[in-house]
Amino acid sequence: MTDLVLIVVTSLMFLFGWFLMKQLDFILDENQKRIKKASEQQQPEPCVHLDEDISPDKFEETLSRFRSNHAHVKIIIYDSEQISFPDNESGWIR
């Protein structure tokens with residue numbers, strides 16, 4: 001009789017553990033989907049190209065917004081009439 005009680009209690013413990021793990025798996029999966037969706041919506045542009053006349057205030061706002069999204073960046077300002085800038089990304093890295 002004690003063996004039967006031990007088997008039933010052990011089976012119930014495994015069943016309860018399985019149920020808890022299924023719930024945890026569901027919660028973690030939903031959380032991962034939510035994080036992925038939020039990160040896709042917040043993907044900032046890795047490059048800011050200003051090729052028109054822009055006011056100093058608008059320029060400052062654009063740079064500060066870019067810096068807030070990218071903490072460790074180097075900003076290069078150049079004159080396209082004097083310096084040729086590479087057309088592809090592979091030429092940007094030095």
Inset, instruction - Could you tell me whether any residue of the range 35-45 is at pLDDT 85 or above, of a type outside the set (Val, Ile, Thr) and assigned to a helix (DSSP H, G or I)? - result: yes
Inset, instruction - Please enumerate the residues belonging to the range 46-58 that are modelled with pLDDT of 80 or more and either under 25 Å from the mean Cα position of the chain (by Cα) or surrounded by 10 or more Cβ atoms within 10 Å (Cβ to Cβ) (or both). - result: LYS58
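The values are calculated or read from the model by the stated rules, or taken from the named source; none is laboratory data. This one's a predicted model, so the numbers in the text were calculated from it and none came from an experiment. We place every Cβ from the backbone using ideal geometry, glycine too, and count neighbours over all the protein chains shown.
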